[in-house]
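Okay, structure first, notes after.
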Amino acid sequence: AQKITQTQPGMFVQEKEAVTLDCTYDTSDQSYGLFWYKQPSSGEMIFLIYQGSYDEQNATEGRYSLNFQKARKSANLVISASQLGDSAMYFCAMSISGTYKYIFGTGTRLKVLA
Amino acid sequence: EAGVTQSPTHLIKTRGQQATLRCSPISGHTSVYWYQQALGLGLQFLLWYDEGEERNRGNFPPRFSGRQFPNYSSELNVNALELEDSALYLCASSLDPGTSVGELFFGEGSRLTVL
């Protein structure tokens, strides 16, 4: 069965430091996509970054990078130079190519400390 | 370009009443998803609509229903409200689910409180 696991319910990071949010996934499909979303306290889910299963290079979007290790089935989000505005809930998600399915993890709450 | 819009932002109802939530997808997106997010919990898949039809539903009772209109906007109805229906209801749209351009774009959500 397809599953996303986020083992860190909460994380703290000092402002301007880097932080890694863990995500492991489970699927027997060969073609899939991995996403990270940010959910501030306002509730909206903000798309951050995408990695396709066939992409050879790790995705990067500004201060966000996705550390994709296919053999380990991990897709960790790295946020560099943390800012106070990065404090939010972060969800890892997976889509299976050719299907409607989007599977979400339980989320990690990140708190950036001044 | 307008994003996914949801209304109302907040809704307060009492047990037994009905709630109707609305969602307009991004222009050109034909797929609409509904998720329920209870306080402090993750996203639970409710319904998926594509091209005007309900394609799949999550593990929710039949009192959760909805529809998608010809303009691809969607409505979620919750009948016979129960206290545990209190949650943030998120709508999302996608251009092409399950492809490399198929990320979900979310609205700001409708927060339903059942008293």
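The values are calculated or read from the model by the stated rules, or taken from the named source; none is laboratory data. Computed from a prediction, not measured in an experiment: that's the story for all the values here. As a convention, Cβ positions derive from the backbone with ideal geometry for all residues, glycine included, and neighbour counts pool all protein chains shown.
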Out of all the residues in region B:1-19, is one or more modelled with pLDDT of 95 or more, away from every other protein chain (no Cβ under 11 Å), surrounded by 15 or more Cβ atoms within 10 Å (Cβ to Cβ) and more than 26 Å from A:K38 (Cβ to Cβ)? yes
List the strands (runs of 3 or more DSSP E) inside region A:1-44, counting only whole elements, that have at least 1 residues being in contact with a helix residue (DSSP H, G or I) (Cβ under 9 Å, 6 or more places away or on another chain). A:10-14, A:19-21, A:32-39
Return yes or no: is B:R111 more than 24 Å from A:S95 (Cα to Cα) and within 12 Å of chain A (Cβ to nearest Cβ)? yes
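Got a number for residues in region B:1-20 being within 17 Å of A:S42 (Cβ to Cβ) and either touching an Asp or Glu at 6+ places or on another chain (Cβ under 7 Å) or in a loop (DSSP other than H, G, I, E, B) (or both)? Break it down stepwise before answering.
Within region B:1-20, the subset within 17 Å of A:S42 (Cβ to Cβ) is B:3-11.
Going one step further and asking which of them are either touching an Asp or Glu at 6+ places or on another chain (Cβ under 7 Å) or in a loop (DSSP other than H, G, I, E, B) (or both), we end up with B:3-4, B:6, B:8-9.
So the count comes out to 5.
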Being outside any strand (DSSP E or B), modelled with pLDDT under 95 and under 30 Å from A:P9 (Cβ atoms) narrows it down to one of B:G28, B:G40, so name that one. B:G40
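Quick one: in region A:59-81, which of the residues that are outside any strand (DSSP E or B) and without any contact (Cβ under 8 Å) to a residue 40 or more places away in the chain is surrounded by the fewest Cβ atoms within 10 Å (Cβ to Cβ)?
Only one residue fits best here, namely A:A71.
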Only unsatisfied item for A:D55, checking (1) surrounded by fewer than 16 Cβ atoms within 10 Å (Cβ to Cβ); (2) closer than 28 Å to B:E54 by Cα; (3) of a type outside the set (S, T, Y); (4) within 10 Å of chain B (Cβ to nearest Cβ), is (2)
Residues satisfying the stated conditions in region B:43-74, i.e. assigned to a strand (DSSP E or B) and buried (at least 17 other Cβ atoms within 10 Å of the Cβ): B:F45, B:L46, B:L47, B:W48, B:Y49, B:D50, B:F64, B:G66, B:Q68, B:S74
When region A:82-107 is examined, which residues are found to be under 21 Å from A:Q2 (Cβ atoms) and not in a loop (DSSP other than H, G, I, E, B)? A:Y90, A:F91, A:C92, A:A93, A:M94, A:S95, A:I96, A:Y102, A:I103, A:F104
Within 13 Å of the chain's Cα centre (by Cα) and within 12 Å of another protein chain (Cβ to nearest Cβ) - does that describe any residue in region B:58-66? yes
Is there a residue being buried (at least 21 other Cβ atoms within 10 Å of the Cβ), of a type in the set (A, V, I, L, M, F, W, C) and within 14 Å of chain A (Cβ to nearest Cβ) anywhere in region B:75-83? no
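So, B:L76, is that one modelled with pLDDT under 95 and within 22 Å of A:M45 (Cα to Cα) or not? Even if it seems obvious, please write down each step before you answer.
Details: modelled with pLDDT under 95: no; within 22 Å of A:M45 (Cα to Cα): yes.
No.
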Matching residues in region A:78-114 (away from chain B (no Cβ under 13 Å) and either among the aromatic types (F, W, Y) or out of contact with any Ser or Thr (no Cβ under 7 Å at 6 or more places or on another chain) (or both)) number 12
Would region B:65-80 turn up any residue that is in contact with a strand residue (DSSP E or B) (Cβ under 8 Å, 6 or more places away or on another chain) and within 29 Å of A:G10 (Cα to Cα)? no
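Answer yes if at least one residue in region B:57-72 is touching a His at 6+ places or on another chain (Cβ under 6 Å) and closer than 20 Å to A:M45 by Cβ, and no otherwise.
Start the filter on region B:57-72 by keeping residues that are touching a His at 6+ places or on another chain (Cβ under 6 Å), which leaves none.
No: region B:57-72 contains no residue that is touching a His at 6+ places or on another chain (Cβ under 6 Å) and closer than 20 Å to A:M45 by Cβ.
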